[in-house]
Amino acid sequence: MNKPFADKLRKIASYVPGEQPQCAGRIKLNANENPYPPSPRVAAALRDFDAATLAFYPDANAHRLKNALAAQNGLKASQVFVGNGSDDVLALAFQSFFCSDQPILYPDITYSFYPVWCGLFRVPYETVPLGADFRVNPRAFDRRSGGVLLPNPNAPTGIGEPLALLEDILRHNADCVVIIDEAYVDFGAESAVSLLPKYENLLIVQTASKSRSLAGLRVGWAFGSETLIGTLEAVKNSYNSYTLDAVAIEAAAASVEDDAYFRKTCKQVMDTREASAEALRALGFSILPSQANFLFATHPQKNAAELFEALRAQNIFVRYFDLPRIDNYLRITVGTDAQMARLTDALKTILS
Ligand code: PMP
């Protein structure tokens, strides 16, 4: 760039989200979205929304949503933080809690946004190697650090770790903030919410994007002690007081209040996940045990990058990461039964 101000501009390698292909008839299994629509109560809330109220700023504290989340999780509203998707909540958590000179720790195979935030906010980090089976060794986190960050279930493996392992890590890391990213927890893993009364340094981050079918609304939240939530609020209010708009607050609260629909759709996704894993195993794939709404699959004879391209040519979109240790895996979001049948049929043809 031959411009006199160029050396003063920020240079950064940014996160690359899964592509959003618009072609008709596409099967989109690449961004861990939910194949079912959100609760009918969300549609009703949007229909009943009074556009005249948009003339005013929204409730900066999003009381309606915080109260719904607090009631559902047996917490006080002062233990709940809400944001514009869990990416926003995590980015604010990085700025609020990872402020020491010591590196933060997270697994070597994990959500690829973490190193991007480390770069953006200049947070030093070290990765902790997962075992050959992609499982977490809690002892590997037993060292002085600026913080611990662990998705549970992990992405893109889908593997969920038991509560006892999370508590073991918390017990050995009392002098820093431990963030558990529970973006996928509702598809069969154990939430760490029950550990909150014991660990003031625990922050749990969740999202409405996956289990609540609201990726397009951009709503996420965190649960923690009043000390952690108060710090997040102070940092948010030093940056943008209104990260959640009035429509998002109403629609997300309506979703949280419909527990029956939430349970029904999560169960449907989990049932389809198990049936799809069986069908893929029958085609020769190895599938990691998943407690998420996606499968991480590898084929001993076929190159994953080639499978990815061959599926793409048929308008079936899955995710491929050209990264060490996982460059022969496909991450396949669980869709409807019909979409998964299309996927396995296509793979059968490609493999034959
Ligand atoms: N954490 C993990 C592990 C994820 O995979 C994602 C989805 N890309 C997120 C957080 C962010 O989701 P959202 O911003 O839609 O809440």
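The values are calculated or read from the model by the stated rules, or taken from the named source; none is laboratory data. Predicted model, so just to flag it, every value in this text is computed and none were measured. Every residue, glycine as well, gets a Cβ built from its backbone with ideal geometry; the counts of neighbours run over all protein chains shown. Side chains are part of the model used for accessible areas, which takes the heavy atoms of the whole protein and leaves out ligands, DNA and RNA. Shrake-Rupley method; radii C 1.70, N 1.55, O 1.52, S 1.80 Å.
Could you say which residue among 308, 317, 262 is in contact (Cβ under 8 Å) with a residue 60 or more places away in the chain, in contact with a strand residue (DSSP E or B) (Cβ under 6 Å, 6 or more places away or on another chain) and not polar (S, T, N, Q)? Give the derivation first.
Working: 308 fails: in contact (Cβ under 8 Å) with a residue 60 or more places away in the chain; 262 fails: in contact with a strand residue (DSSP E or B) (Cβ under 6 Å, 6 or more places away or on another chain).
Going through 308, 317, 262 in turn, the sole match is 317.
Does the stretch 122-131 contain at least one residue that is within 14 Å of residue 152 (Cα to Cα) and within 12 Å of the ligand (Cβ to nearest atom)?
Within the stretch 122-131, the first condition is being within 14 Å of residue 152 (Cα to Cα), and the residues that meet it are 130.
Retained after the next criterion (residues that are within 12 Å of the ligand (Cβ to nearest atom)): none.
No, every residue in the stretch 122-131 fails to be within 14 Å of residue 152 (Cα to Cα) and within 12 Å of the ligand (Cβ to nearest atom).
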- residue 91: passes all of (1) farther than 16 Å from residue 206 by Cβ; (2) part of a helix (DSSP H, G or I); (3) open to solvent by 10 Å² or more (accessible area, probe 1.4 Å); (4) within 16 Å of the ligand (Cβ to nearest atom) but (1)
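Could you please find all residues in the stretch 177-194 being of a type in the set (A, V, I, L, M, F, W, C), out of contact with any Gly (no Cβ under 6 Å at 6 or more places or on another chain) and open to solvent by 10 Å² or more (accessible area, probe 1.4 Å)?
Of the stretch 177-194, the ones of a type in the set (A, V, I, L, M, F, W, C) are 177-180, 183, 185, 187, 189, 192-193.
Add one more test, that the residue is out of contact with any Gly (no Cβ under 6 Å at 6 or more places or on another chain), and what stays is 178-180, 183, 185, 187, 192-193.
183, 193 - these are the residues of the stretch 177-194 that are of a type in the set (A, V, I, L, M, F, W, C), out of contact with any Gly (no Cβ under 6 Å at 6 or more places or on another chain) and open to solvent by 10 Å² or more (accessible area, probe 1.4 Å).
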- Note on the structure: Conditions (1) more than 16 Å from the ligand (Cβ to nearest atom); (2) in contact (Cβ under 8 Å) with a residue 60 or more places away in the chain; (3) not aliphatic (A, V, I, L, M) -> residue 63 fails only (2)
- Of the residues that sit in the stretch 217-234 and are open to solvent by 20 Å² or more (accessible area, probe 1.4 Å) and in a loop (DSSP other than H, G, I, E, B), which one is nearest to the ligand (Cβ to nearest atom)? 218
- Message: Kindly evaluate residue 280 against the criterion of being open to solvent by 10 Å² or more (accessible area, probe 1.4 Å) and either at pLDDT 95 or above or not in a loop (DSSP other than H, G, I, E, B) (or both).
- Response: no
- Message: Being touching a residue at least 12 places away in the same chain (Cβ under 8 Å) and either within 11 Å of the ligand (Cβ to nearest atom) or part of a helix (DSSP H, G or I) (or both) is the filter here; which residues of the stretch 108-121 pass it?
- Response: 110, 111, 112, 113, 114, 116, 117, 118, 119, 120, 121
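Name the one entry in 163, 214, 202 that is touching a residue at least 24 places away in the same chain (Cβ under 8 Å) and open to solvent by 30 Å² or more (accessible area, probe 1.4 Å).
Working: 214 fails: open to solvent by 30 Å² or more (accessible area, probe 1.4 Å); 202 fails: open to solvent by 30 Å² or more (accessible area, probe 1.4 Å).
So the residue among 163, 214, 202 that is touching a residue at least 24 places away in the same chain (Cβ under 8 Å) and open to solvent by 30 Å² or more (accessible area, probe 1.4 Å) is 163.
For the stretch 161-174, give me each residue that is farther than 21 Å from residue 104 by Cα and either assigned to a helix (DSSP H, G or I) or within 16 Å of the ligand (Cβ to nearest atom) (or both). It would help to see each step written out before you state the result.
Residues of the stretch 161-174 farther than 21 Å from residue 104 by Cα: 162-164.
Answer for the stretch 161-174, where residues must be farther than 21 Å from residue 104 by Cα and either assigned to a helix (DSSP H, G or I) or within 16 Å of the ligand (Cβ to nearest atom) (or both): 163, 164.
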- Query: Applying the selection to the stretch 235-249, what residues are crowded, with 20+ Cβ neighbours inside 10 Å and out of contact with any Pro (no Cβ under 7 Å at 6 or more places or on another chain)?
  - Reply: 236, 243, 248
- Cβ pairs under 8 Å, 6+ apart, first in the stretch 137-148 and buried (at least 19 other Cβ atoms within 10 Å of the Cβ), second of a type in the set (D, E, K, R): 138/168; 145/126; 146/101
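Go through the stretch 57-72 and report how many residues are in a helix (DSSP H, G or I) and either open to solvent by 50 Å² or more (accessible area, probe 1.4 Å) or modelled with pLDDT under 95 (or both).
Going residue by residue through the stretch 57-72, those that are in a helix (DSSP H, G or I) are 63-72.
Then keep just the ones that are either open to solvent by 50 Å² or more (accessible area, probe 1.4 Å) or modelled with pLDDT under 95 (or both); that gives 63-64, 67, 71-72.
Number of matching residues: 5.
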- Message: Just the residues that are in contact (Cβ under 8 Å) with a residue 60 or more places away in the chain and not polar (S, T, N, Q), please, taken from the stretch 325-340.
- Response: 325, 326, 329, 331, 332, 334, 335, 337, 340
- Message: For the stretch 73-88, which positions are in a helix (DSSP H, G or I) and within 22 Å of the chain's Cα centre (by Cα)?
- Response: 73, 79, 86, 87, 88
- Query: So residue 54 clears everything in (1) farther than 22 Å from residue 217 by Cβ; (2) assigned to a helix (DSSP H, G or I); (3) touching a helix residue (DSSP H, G or I) at 6+ places or on another chain (Cβ under 9 Å) except one condition, right? Which one?
  - Reply: (1)
- Kindly list, by first and then second residue, each pair from a residue in the stretch 87-99 that is more than 22 Å from residue 17 (Cβ to Cβ) to a residue that is assigned to a helix (DSSP H, G or I) and within 16 Å of the ligand (Cβ to nearest atom), limited to pairs with Cβ atoms under 6 Å and residues at least 6 apart or on different chains. 96/232
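Identify all residues within the stretch 1-31 that are within 16 Å of the ligand (Cβ to nearest atom), polar (S, T, N, Q) and loosely packed, with under 15 Cβ neighbours inside 10 Å; write none if there are none.
At the first step, the residues of the stretch 1-31 found to be within 16 Å of the ligand (Cβ to nearest atom) are 14-20, 28-31.
Next cut, polar (S, T, N, Q) only: 14, 20, 30.
Matches in the stretch 1-31: 14, 20.
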- Determine which single condition residue 239 fails, assuming it passes every other condition in (1) part of a loop (DSSP other than H, G, I, E, B); (2) modelled with pLDDT of 95 or more. (2)
